[in-house]
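Some notes on the structure that comes next.
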Amino acid sequence: MFGYIICNRHKLTEDEWRRYQSVYCGLCHSLKKRYGSVERLGLNYDMTFLALYLEAMYEEPQEHYETRCLLHPCSPKSIACSKYIDYAADMTVLMAYYNSLDDWQDERKCIKGLYSKLLQKDIEGLRETYPRQCAGVLNSIQRLQNHEKSPDATPDHLMQDAGEMLQELFVYQEDFWSDKHRRFGYELGRFIYLMDATMDYDKDRKKQNYNPLVNMDKKPEEMEELLAMTMGNASAIFEKLPILQDVNILRNILYGGVWLPFYAKFTGKDKRNDQ
């Protein structure tokens with residue numbers, strides 16, 4: 001259900017792109033340092049956004065170093081380090097475990113089942129360190145699964161479950177801004193769920209998997225207005241936060257990058273230079 005909170009590379013300056021890449025690479029290296037190579041398979045841009053968001057919000061000192069990796073052996077990469085990147089790495093493993101487990105239970109995908117077993121060793125430690133986040137994710141996934149099987153559940157119920165699944169991840173610590181972080185994460189989770197349903201509509205119909213668009217009597221190409229409304233709610237909350245650091249990168253993602261998959265698939269147009 002993840003992979004939609006991406007940037008529009010073509011609308012970032014070179015400095016902004018290098019900064020974005022340094023956090024993405026930092027997240028990858030944090031996963032390896034804190035867990036191992038298997039956990040790096042869960043690396044995604046959504047959690048890169050989480051790291052950028054928290055770093056921008058709290059503006060604590062960051063460290064950088066350069067290194068080479070197997071995927072980029074010819075040129076050194078700048079690696080950003082911070083406690084928020086480490087936190088995003090922990091949340092990456094948490095979400096990768098529950099998403100893989102959910103895919104295994106729903107569709108019996110063997111690879112997902114194996115991956116969830118490999119990550120299981122990490123979950124006990126995460127539950128001890130982040131009881132609030134772990135309980136929020138687990139409870140929301142369980143409600144989501146129950147609602148998908150219930151004839152009385154509406155798409156709003158499932159969107160709410162998805163929002164509540166993500167909202168606790170955006171609260172690094174309880175403070176003055178916690179409520180706004182929860183509301184932002186909640187709206188972002190609703191958008192991700194709806195975008196995922198839109199992009200997977202044909203596949204879900206073919207496999208007879210649950211998809212809320214069927215209940216809404218909507219075709220995927222008709223979802224732009226509703227998606228825009230949901231992302232608009234998230235963006236309105238974002239604009240009220242005292243964020244200056246990396247604000248152009250974050251806005252690039254919220255106002256442009258998140259739309260790239262939709263436009264590429266349903267309009268046949270390359271919107272990279274328009275967003």
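The values are calculated or read from the model by the stated rules, or taken from the named source; none is laboratory data. Given the structure is predicted, the values throughout are model-derived calculations rather than measurements. For neighbour counting, all protein chains shown are included, and Cβ atoms are generated from backbone atoms with ideal geometry for every residue, glycine included. Protein only, heavy atoms only, side chains kept; ligands, DNA and RNA dropped before computing areas. Shrake-Rupley method; radii C 1.70, N 1.55, O 1.52, S 1.80 Å.
Observations on the model:
- Region 219-256 - residue that is acidic (Asp, Glu) and not in a helix (DSSP H, G or I) and, of those, surrounded by the fewest Cβ atoms within 10 Å (Cβ to Cβ): GLU239
- In the set GLN133, GLN145, only one residue is part of a helix (DSSP H, G or I), within 20 Å of SER100 (Cβ to Cβ), among the polar types (S, T, N, Q) and within 15 Å of the chain's Cα centre (by Cα); that residue is GLN133.
- Look at region 241-260: where a residue is closer than 28 Å to MET199 by Cβ and in contact (Cβ under 8 Å) with a residue 60 or more places away in the chain and a partner is among the hydroxyl-bearing types (Ser, Thr, Tyr) and crowded, with 20+ Cβ neighbours inside 10 Å, sitting 6+ places away or on another chain with Cβ atoms under 6 Å, you get ILE249/TYR20; VAL258/TYR4.
Residue-wise test of (1) modelled with pLDDT under 95; (2) farther than 21 Å from ALA197 by Cα; (3) buried (at least 22 other Cβ atoms within 10 Å of the Cβ); (4) polar (S, T, N, Q).
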site	(1), (2), (3), (4)
TYR84	no, yes, yes, no
MET91	no, yes, yes, no
SER100	yes, no, yes, yes
LYS109	yes, no, no, no
MET165	yes, no, yes, no
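- Residue satisfying condition, being in contact with a helix residue (DSSP H, G or I) (Cβ under 6 Å, 6 or more places away or on another chain), assigned to a helix (DSSP H, G or I), closer than 26 Å to LEU241 by Cα and hydroxyl-bearing (Ser, Thr, Tyr), within set TYR186, TYR172: TYR186
- Test for SER178: is it closer than 20 Å to MET231 by Cα and surrounded by fewer than 16 Cβ atoms within 10 Å (Cβ to Cβ): yes
- Tallying residues that are touching a Pro at 6+ places or on another chain (Cβ under 7 Å) and closer than 17 Å to PHE266 by Cα within region 191-245 yields 5.
- Residues of region 189-204 classified as without any contact (Cβ under 8 Å) to a residue 60 or more places away in the chain and either in contact with a strand residue (DSSP E or B) (Cβ under 7 Å, 6 or more places away or on another chain) or assigned to a helix (DSSP H, G or I) (or both), total: 8
- Among the conditions (1) in contact with a strand residue (DSSP E or B) (Cβ under 8 Å, 6 or more places away or on another chain); (2) under 23 Å from GLN133 (Cβ atoms); (3) open to solvent by 40 Å² or more (accessible area, probe 1.4 Å); (4) touching a residue at least 24 places away in the same chain (Cβ under 8 Å), the only one that ALA80 does not satisfy is (3).
- Within region 20-75, the residues that satisfy the criterion of being open to solvent by 60 Å² or more (accessible area, probe 1.4 Å), of a type outside the set (A, V, I, L, M, F, W, C) and touching a residue at least 40 places away in the same chain (Cβ under 8 Å) are ARG34, TYR45, GLU59, HIS64.
- Scanning region 210-230 for residues that are touching an Asp or Glu at 6+ places or on another chain (Cβ under 8 Å) and at pLDDT 95 or above turns up just one, THR230.
- Taking region 150-174 as the range and being touching a Phe, Trp or Tyr at 6+ places or on another chain (Cβ under 8 Å), of a type outside the set (A, V, I, L, M) and in contact (Cβ under 8 Å) with a residue 60 or more places away in the chain as the test, the residues that pass are PHE170, TYR172.
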